[in-house]
Amino acid sequence: MAPASLNVMSAGSAPTRDDAAAAVASSGAARRSTTPDLICVGGIPGAGKTTAIRAARRQLPELIAIDPEDVYRPLRAAIGAAVPYRAWRWLVHGLHTARLLGHLVMGPSSGRVLVVHEPSTRSRRRLRFVQAARRLGWQPALLYVDTGPELSRTGQVERGRVLPAASFDRHCARWARLAADLDDHPADLDRGSWSQVLLTDRAGAAAAIRRLCRGV
């Protein structure tokens, strides 16, 4: 298995972070020719992962989306607005994880691509996830949506799932450390377990998912 390299996909002319990331992307490190059948869409809460997955799903019938939003909305309708989300966030996360594990265990399906909403800022959780996927026969790619904290907080409010400030700050701190590692040693992420590691901005996220699904 060849290690992944960092590839920057941006909707605009400038990369999403600094010139170091752009240099890594343009250094000539080739992407794997194998089209991934599992795409993990990462980024801090509110970065735009759900919006990107939803937009890509409208155009790609082969895409199977595993997104906590699909759990949250029916539960919110059943529970009602009077009960704050923080009281049943654990239920959304638990059902989302159970649904994800169910699809992983079933293994890849020809002509289908599993797209998973997962922040992927926790290194141990991310490593366990990609190693399990590999053992079950998946070809996993990791796509990070790089969005700043202020815009991400707005995204949380818009979606109706707002994290406590302390929890969100921890996500942001982990992402800052991870971003530096991606700039310096992208091939070392999770012991080289990802077939591709990509970085995009919010505006380019849906297009990046579509490109990954089509292998272009």
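The values are calculated or read from the model by the stated rules, or taken from the named source; none is laboratory data. Treat the numbers as computed from the prediction; the structure is a model and nothing was measured. Counting neighbours? That spans all protein chains shown, and the Cβs are built from the backbone with ideal geometry, glycine included.
When you check residue 115 against the structure, is it assigned to a strand (DSSP E or B) and either under 15 Å from residue 140 (Cα atoms) or in contact with a Pro (Cβ under 6 Å, 6 or more places away or on another chain) (or both), yes or no?
On the way: assigned to a strand (DSSP E or B): yes; either under 15 Å from residue 140 (Cα atoms) or in contact with a Pro (Cβ under 6 Å, 6 or more places away or on another chain) (or both): yes.
So residue 115 passes the test.
Which one of these is within 22 Å of residue 72 (Cα to Cα), hydroxyl-bearing (Ser, Thr, Tyr) and out of contact with any Gly (no Cβ under 7 Å at 6 or more places or on another chain): 123, 195, 152, 167?
Working: 123 fails: within 22 Å of residue 72 (Cα to Cα); 195 fails: within 22 Å of residue 72 (Cα to Cα); 152 fails: out of contact with any Gly (no Cβ under 7 Å at 6 or more places or on another chain).
Just one listed residue meets the conditions, 167.
Can you work out which of the residues in segment 34-84 that are small (Gly, Ala, Ser) and without any contact (Cβ under 8 Å) to a residue 24 or more places away in the chain is surrounded by the fewest Cβ atoms within 10 Å (Cβ to Cβ)?
Within segment 34-84, the subset small (Gly, Ala, Ser) is 42-43, 46-48, 52, 55-56, 65, 77-78, 80-82.
This time we only want the ones that are without any contact (Cβ under 8 Å) to a residue 24 or more places away in the chain, so: 77-78, 80-82.
Values: 77: 9, 78: 7, 80: 7, 81: 9, 82: 5.
Checking each candidate, the answer is 82.
Given the criteria surrounded by fewer than 16 Cβ atoms within 10 Å (Cβ to Cβ) and closer than 29 Å to residue 109 by Cβ, does residue 214 qualify?
Numbers: surrounded by fewer than 16 Cβ atoms within 10 Å (Cβ to Cβ): yes; closer than 29 Å to residue 109 by Cβ: yes.
Taking the combined requirement at face value, the residue satisfies it.
How many residues are over 19 Å from residue 68 (Cβ atoms) and among the acidic types (Asp, Glu) when one looks only at segment 112-156?
Residues that pass the stated criteria total 2.
Just the residues that are assigned to a loop (DSSP other than H, G, I, E, B) and surrounded by 16 or more Cβ atoms within 10 Å (Cβ to Cβ), please, taken from segment 122-138. Spell out the reasoning first.
Restricting attention to segment 122-138, the residues satisfying the condition of being assigned to a loop (DSSP other than H, G, I, E, B) are 122, 136-138.
The one that is assigned to a loop (DSSP other than H, G, I, E, B) and surrounded by 16 or more Cβ atoms within 10 Å (Cβ to Cβ): 138.
What residue, among those in segment 177-201 that are of a type outside the set (S, T, N, Q) and in a strand (DSSP E or B), is surrounded by the most Cβ atoms within 10 Å (Cβ to Cβ)? Before you say what the answer is, go through the steps one by one.
Within segment 177-201, the subset of a type outside the set (S, T, N, Q) is 177-192, 194, 197-199, 201.
Filter again for in a strand (DSSP E or B), leaving 197-199.
Details: 197: 25, 198: 27, 199: 29.
Among those residues, the one meeting the criterion is 199.
With the condition kept exactly as written, say whether any residue in segment 167-174 is under 30 Å from residue 84 (Cα atoms), of a type in the set (Phe, Trp, Tyr) and either out of contact with any Asp or Glu (no Cβ under 7 Å at 6 or more places or on another chain) or at pLDDT below 90 (or both).
Of all residues in segment 167-174, those under 30 Å from residue 84 (Cα atoms) come to 167-174.
Okay, now just the ones that are also of a type in the set (Phe, Trp, Tyr), so 168.
Within this subset, residues satisfying the condition of being either out of contact with any Asp or Glu (no Cβ under 7 Å at 6 or more places or on another chain) or at pLDDT below 90 (or both) are 168.
Checked segment 167-174: at least one residue is under 30 Å from residue 84 (Cα atoms), of a type in the set (Phe, Trp, Tyr) and either out of contact with any Asp or Glu (no Cβ under 7 Å at 6 or more places or on another chain) or at pLDDT below 90 (or both).
Please name all residue pairs, on different chains or six or more residues apart, with Cβ atoms under 9 Å, provided the first residue is in segment 149-176 and is touching a residue at least 60 places away in the same chain (Cβ under 8 Å) and surrounded by fewer than 15 Cβ atoms within 10 Å (Cβ to Cβ) and the second residue is of a type in the set (D, E, K, R) and in a helix (DSSP H, G or I).
What qualifies is 160/73; 160/76; 164/86.
Take residue 143 and decide whether it is within 30 Å of residue 84 (Cβ to Cβ), hydrophobic (A, V, I, L, M, F, W, C), in contact (Cβ under 8 Å) with a residue 60 or more places away in the chain and not in a loop (DSSP other than H, G, I, E, B).
Numbers: within 30 Å of residue 84 (Cβ to Cβ): no; hydrophobic (A, V, I, L, M, F, W, C): yes; in contact (Cβ under 8 Å) with a residue 60 or more places away in the chain: yes; not in a loop (DSSP other than H, G, I, E, B): yes.
For residue 143, the condition - within 30 Å of residue 84 (Cβ to Cβ), hydrophobic (A, V, I, L, M, F, W, C), in contact (Cβ under 8 Å) with a residue 60 or more places away in the chain and not in a loop (DSSP other than H, G, I, E, B) - is not met.
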